[in-house]
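Chemist: Mind looking over this structure? Questions follow.
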Amino acid sequence: MGIDVQKEVMLKEEELLQLCNRFFTEFEFRSLQSSKNRIDYFHKLWTLKESYIKYLGTGMYCRLNT
């Protein structure tokens, strides 16, 4: 068990959407687009994805958009 600390980097709206389009599922991407606070929602989804692949033990070799 451990803790993961990440530095929050401010992205421009266009950069955020490009990143999400690449690494999120279609459903996650559409959910993010309709979110009122996209930055917070992005960090929530990214953290969930990261913790899930750590649980699986696959590391970043797992496709994040599946």
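Matching residues to (1) over 26 Å from residue 13 (Cβ atoms); (2) part of a helix (DSSP H, G or I); (3) over 13 Å from the mean Cα position of the chain (by Cα); (4) modelled with pLDDT under 80:
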| site | (1), (2), (3), (4) |
| --- | --- |
| 29 | no, yes, no, no |
| 32 | no, yes, no, no |
| 36 | no, no, yes, no |
| 40 | no, yes, no, no |
| 46 | no, yes, no, no |
| 50 | no, yes, no, no |
| 54 | yes, yes, yes, no |
| 60 | no, yes, no, yes |
| 64 | no, no, no, yes |
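Chemist: Now for a separate question. Between residues in the stretch 8-23 that are under 14 Å from residue 43 (Cα atoms) and residues that are of a type outside the set (Phe, Trp, Tyr) and modelled with pLDDT of 85 or more, which pairs lie under 6 Å by C-beta distance while being six or more apart or on different chains?
Modeler: What qualifies is 20/32.
Chemist: Just checking, does the stretch 9-21 include any residue being modelled with pLDDT of 85 or more, open to solvent by less than 40 Å² (accessible area, probe 1.4 Å), among the acidic types (Asp, Glu) and not in a loop (DSSP other than H, G, I, E, B)?
Modeler: No: zero hits.
The values are calculated or read from the model by the stated rules, or taken from the named source; none is laboratory data. Everything numeric here is computed off the predicted structure, so don't read it as measured data. Methodologically, a virtual Cβ is constructed for each residue, glycine included, from the backbone with ideal geometry; neighbour enumeration extends over all protein chains shown. When the accessible area is computed, the model is the full protein with side chains, heavy atoms only, and any ligands, DNA or RNA have been set aside. Shrake-Rupley method; radii C 1.70, N 1.55, O 1.52, S 1.80 Å.
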